[in-house]
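The values are calculated or read from the model by the stated rules, or taken from the named source; none is laboratory data. If you're wondering where the values come from, they're calculated on a predicted model, not measured in any experiment. With ideal geometry, Cβ positions are generated from the backbone for all residues, glycine too; neighbour counts draw on all protein chains shown. Surface accessibility is based on the protein's heavy atoms, side chains included, excluding ligands, DNA and RNA. Shrake-Rupley method; radii C 1.70, N 1.55, O 1.52, S 1.80 Å.
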Amino acid sequence: MQNTKLEVKNLQISFSHEGNQVNAVRDVSFSLGQEKLAIVGESGSGKSTVGRSLLKLHPKNATVEAEKLLFGDIDLLKASEKTMRDIRGRRISMIMQDPKYSLNPVMKVGDQIAEAYLAHYKVSKKIAQEKALVMLEKVQIRDPKRVYSLYPHEVSGGMGQRVMIAMMLIPEPEIIIADEPTSALDVSVQRQVLNLLDELINESNIGLIFISHDLDLVRNYCDRVLVMYAGRVVESIKASELENAHHPYTQGLLKAPPRIGDIRHRLPTLERDPSWLYN
Amino acid sequence: MMTNSTMASSATSKSTSAGMVMLLQMLVHGSKRIIHNPLTAAGLFVVMLLLIVAMFAPWIATHNPLAQELSNSLQPPSSEHWFGTDEFGRDIFSRLVYGSRITLYIITLVTVIVGPIGLAIGTISGYFGGVIDTIFMRITDIFISFPGLVLALAFVAALGPGLEHAVIAIALTSWPPIARLARAETLQLRKADYIVAVQLQGASSTRIIFRHIVPMCLSSVIVRLTMNMAGIILTAAGLGFLGLGAQAPLPEWGAMISTGRSYMLEHWWLVAAPGAAIMLVSLAFNLLGDGLRDLLDPRN
Amino acid sequence: MNMINIEGLNLSFGSGSNESKILHDVNIQVKAGESFGLVGESGSGKTTVLRCLAGQYHHWSGQLSVNGNSLQHKLDKKRCIDMQMVFQDPYGSLHPRHSIETALAEPLKIHKMDNKDQRISSILKKVGLDDSFRYRSPHQLSGGQRQRVAIARALILEPQILLLDEPTSALDVSVQAEILNLLKELKEKEGLTYLMVTHDLGVVTYLCDRVAVMQNGHIVETISSSNLANHGASEPYTKMLLDCCYHTEARLNDTTSFAN
């Protein structure tokens, strides 16, 4: 692949809890270019842990090991906390699930966006504010001036998530990690937000890691899909070829949700095979 | 292993034994975590020591705490009298040992009164809300707005000095924070799905409060009560010091400081020994309370 | 006969200029043995309808009747025997300090029913859990197992109606399939009547016979599931919701038509 932004080889993450060692992630390898890569799995599969460890936001009791964890030419494994601070937000940013919890409730949303810019660029406050207004317009908010001075509780979920996106994009990052960015939103809003994110990413050549539990959503939105099960990548496949997925787990996930006009009397349930854990 | 053997042995009372096993596992797990934190362990150690001393006072004390020996008064600490003797020649160490019984008696009585009252008022007022809440909370506000020691003084003045009256006075001033805490917890729980579920099963309000809400408030109330104990000990000592708590010749720690005050400059041990005991025990309860909070708080 | 009859249900919060109306003249009729779905986006009032039936709001106006008995504003024991509810969040709907046995015995004690032991065993079996689950506490169970316990708790009073509030939306897809299968099987075996709230059209057409689409406290359209699946919806809002769900079949490319 040309223009690789991120390279991960044999990533291992384990948590120590009261003397016990629990392996949350094992042998995860992937590389990310200028594309949309999805990491899909059920709860507890380790998908979010992978996302967080890339930014070294994992909790203290976790150990992260890898053969390779390269961001451009920076070895993230060896990077100091100072280097990480420069990377976080500025070069790799993260969009969380619920804007309600990730926005500061006592600060105007516009100021929060400006703040995100000020944190990484030495400019005057005035310029940052102008930049924030432009950004709000970019995320298709109709009346940026009015929205700028709203507080997070005054905006709807969809608008909140647009504000989050604006905040994450304003420092012009190279990679965005989106952890279930739309699962708190209604279906109609979800679609608008995703389309918006798509446009902005294409515009500025950003690589996207999209973490989700929703295989249906991901297959239409992303280019490539990593399916995770119990901390391992069981399948890595092009989104357009998901229909022909080999792994029984992927197949099971695809078949499990009922669809409109489903004529199946019983939904197929997943039989988990212990041998999935060994190959 | 544990679960299996217990279940098999008592087939008739399965649910109780299962509950016991759960409790036991929690205790074992809990005590492991307590020992992990040295400060909490120290607090627990002192509190346990207090319990043991109070329980075995007659065997631990070297002298009769009330026996006067005027020829031997105001002796400094020595191998015969470890903490010296007071103005009547009584052995201070033995008085401290017996005094631990009085301290424990006060703490227990106050806690037994305050815990249930605070819990009941807090949960009822939080669960029902509206007028009931307003009335209960305004009453609580009134009690909170009096300075504790002053209210206790007024009560003791009205009822006459004595240990029981001091206990009632302290109890009256220390239930409001518990009620506030229980109410705040209840307000959060009231809308929880599992409470809605039991409402929908047709449970009466009394049943919901006592079987479903109280167990959830219990842990934070216990923590608060433990922390309160330090305050109770100090208030009791304060009342004793003012001559309104335990009466002579009872070896109450506060009263001991009060009588020792007149000899303090030349005979420091009269005040230092009971003072250190009060400080040590109230500090221990605070440390234990902190540890319990880390242990019991569901948010952790 | 209608098992659930909702006529002209209105509900508002606040008063005077601050009054906000949550439900506007909601009418729903559910026949015995039917399963009926309420779909809509957040804030549409779908859950509020369920909560009115469950006695969580006391100031609604209109006519509610269940199993032929018209409902008073306050909950009574009769209503509890007729109707039970399964909640969305399996982590919040079981009392964290009660073992499964205690949780299941509680309704039996409230209604002074006999044969507690037997009833608990048989209900656990019905929801696909074995007797060893009795002595566990909720934190030892997975989300799917908790939801099974919640269903068991709802069914132990042998109600005729189950109110289902997004019963699978907090679960993983593979677990969702198991719970939906269970609900379908229970309905067929026990002849239950379901009123289910969900935002997932796939789930609703799988489990329900008829569907009401709600928006801003109004029922926009009531339609049979098969009709819905065969593009028989007439209201634009219903079509829009359907379209969002059908996105599996088409690449997302059109933003403008959905901008509000």
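Determine whether C:Leu155 is surrounded by 22 or more Cβ atoms within 10 Å (Cβ to Cβ) and farther than 16 Å from C:Pro96 by Cα.
On the way: surrounded by 22 or more Cβ atoms within 10 Å (Cβ to Cβ): no; farther than 16 Å from C:Pro96 by Cα: yes.
Answer is no for this residue.
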May I ask you to say which residue of A:Leu197, A:Leu253 is in contact with a helix residue (DSSP H, G or I) (Cβ under 7 Å, 6 or more places away or on another chain) and more than 10 Å from chain C (Cβ to nearest Cβ)? A:Leu197
All positions within the stretch A:161-190 that are touching a helix residue (DSSP H, G or I) at 6+ places or on another chain (Cβ under 7 Å) and surrounded by fewer than 22 Cβ atoms within 10 Å (Cβ to Cβ): A:Pro171, A:Asp179, A:Ala184, A:Val187, A:Ser188
Inspect all residues belonging to the stretch C:137-160 and state whether any of them is within 12 Å of chain B (Cβ to nearest Cβ), touching a strand residue (DSSP E or B) at 6+ places or on another chain (Cβ under 7 Å), within 17 Å of C:Thr198 (Cα to Cα) and modelled with pLDDT of 90 or more. yes
Tell me the residue from C:Val66, C:Val26, C:Val30, C:Val39 that is open to solvent by less than 60 Å² (accessible area, probe 1.4 Å), β-branched (Val, Ile, Thr) and touching a His at 6+ places or on another chain (Cβ under 7 Å), please. C:Val39
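Hey, can you tell me all the residues within the stretch B:69-120 that are over 21 Å from B:Gly231 (Cα atoms) and part of a helix (DSSP H, G or I)? If you could, list the steps in order and put the result at the bottom.
Narrowing the stretch B:69-120 to residues over 21 Å from B:Gly231 (Cα atoms): B:69-95, B:120.
Across the stretch B:69-120, the qualifying residues are B:Leu70, B:Ser71, B:Asn72, B:Ile92, B:Phe93, B:Ser94, B:Arg95, B:Ala120.
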Boolean, C:Val204 is modelled with pLDDT of 90 or more and within 12 Å of chain A (Cβ to nearest Cβ): yes
Looking at C:Leu171, is it in contact with a helix residue (DSSP H, G or I) (Cβ under 7 Å, 6 or more places away or on another chain), surrounded by fewer than 20 Cβ atoms within 10 Å (Cβ to Cβ) and more than 14 Å from chain B (Cβ to nearest Cβ)? no
The conditions are (1) closer than 17 Å to B:Ile113 by Cα; (2) touching a residue at least 60 places away in the same chain (Cβ under 8 Å); (3) surrounded by fewer than 16 Cβ atoms within 10 Å (Cβ to Cβ), and B:Ala157 fails exactly one of them. Which is it? (1)
Out of (1) touching a residue at least 24 places away in the same chain (Cβ under 8 Å); (2) under 29 Å from B:Leu27 (Cα atoms); (3) crowded, with 22+ Cβ neighbours inside 10 Å, the odd one out for B:Gly254 is which? (2)
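Does B:Ala272 satisfy the criteria of being open to solvent by 40 Å² or more (accessible area, probe 1.4 Å) and among the small types (Gly, Ala, Ser)? Full working, then the answer.
Numbers: open to solvent by 40 Å² or more (accessible area, probe 1.4 Å): yes; among the small types (Gly, Ala, Ser): yes.
So B:Ala272 passes the test.
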Taking the stretch C:199-249 and keeping only residues that are closer than 19 Å to C:Leu9 by Cβ and under 15 Å from the mean Cα position of the chain (by Cα), one is left with C:Arg210, C:Val211, C:Ala212, C:Val213, C:Met214
Filtered residues of the stretch A:233-243 (kept if farther than 17 Å from A:Leu217 by Cα and either out of contact with any helix residue (DSSP H, G or I) (no Cβ under 8 Å at 6 or more places or on another chain) or open to solvent by 40 Å² or more (accessible area, probe 1.4 Å) (or both)): A:Val233
When restricted to B:Ile113, B:Ile106, the only residue over 12 Å from B:Met256 (Cα atoms), out of contact with any strand residue (DSSP E or B) (no Cβ under 8 Å at 6 or more places or on another chain), open to solvent by 20 Å² or more (accessible area, probe 1.4 Å) and at pLDDT below 95 is B:Ile113
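Considering only the stretch A:12-81, give the strands (runs of 3 or more DSSP E) lying wholly within it that have at least 1 residues that are touching a residue at least 60 places away in the same chain (Cβ under 8 Å). So that I can check it myself, show each step before the final result.
Details: elements: A:20-32, A:36-40, A:62-65, A:68-71.
By residue number, A:20-32, A:36-40, A:68-71.
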Selection from the stretch C:77-91 of residues that are at the interface with chain B (Cβ under 7 Å from one of its Cβ atoms), assigned to a loop (DSSP other than H, G, I, E, B) and open to solvent by less than 10 Å² (accessible area, probe 1.4 Å): C:Phe87
For A:Asn202, all conditions in the list (1) more than 30 Å from C:Leu228 (Cβ to Cβ); (2) away from chain C (no Cβ under 13 Å); (3) outside any loop (DSSP other than H, G, I, E, B) hold save one; what is the number of the exception? (2)
From the list A:Leu55, A:Leu77, which one is aliphatic (A, V, I, L, M) and buried (at least 17 other Cβ atoms within 10 Å of the Cβ)? A:Leu55
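Kindly indicate which of C:Leu108, C:Leu104, C:Leu94 is touching a residue at least 24 places away in the same chain (Cβ under 8 Å), open to solvent by less than 20 Å² (accessible area, probe 1.4 Å), among the hydrophobic types (A, V, I, L, M, F, W, C) and at the interface with chain B (Cβ under 8 Å from one of its Cβ atoms). Steps first, answer last, please.
Details: C:Leu108 fails: at the interface with chain B (Cβ under 8 Å from one of its Cβ atoms); C:Leu104 fails: at the interface with chain B (Cβ under 8 Å from one of its Cβ atoms).
That would be C:Leu94, the only listed residue that is touching a residue at least 24 places away in the same chain (Cβ under 8 Å), open to solvent by less than 20 Å² (accessible area, probe 1.4 Å), among the hydrophobic types (A, V, I, L, M, F, W, C) and at the interface with chain B (Cβ under 8 Å from one of its Cβ atoms).
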Being of a type in the set (D, E, K, R), more than 12 Å from every other protein chain (Cβ to nearest Cβ) and open to solvent by 20 Å² or more (accessible area, probe 1.4 Å) is true for just one of B:Arg261, B:Arg190. Which residue is that? B:Arg261
Options A:Thr63, A:Thr49; residue that is among the β-branched types (Val, Ile, Thr) and open to solvent by 50 Å² or more (accessible area, probe 1.4 Å): A:Thr63
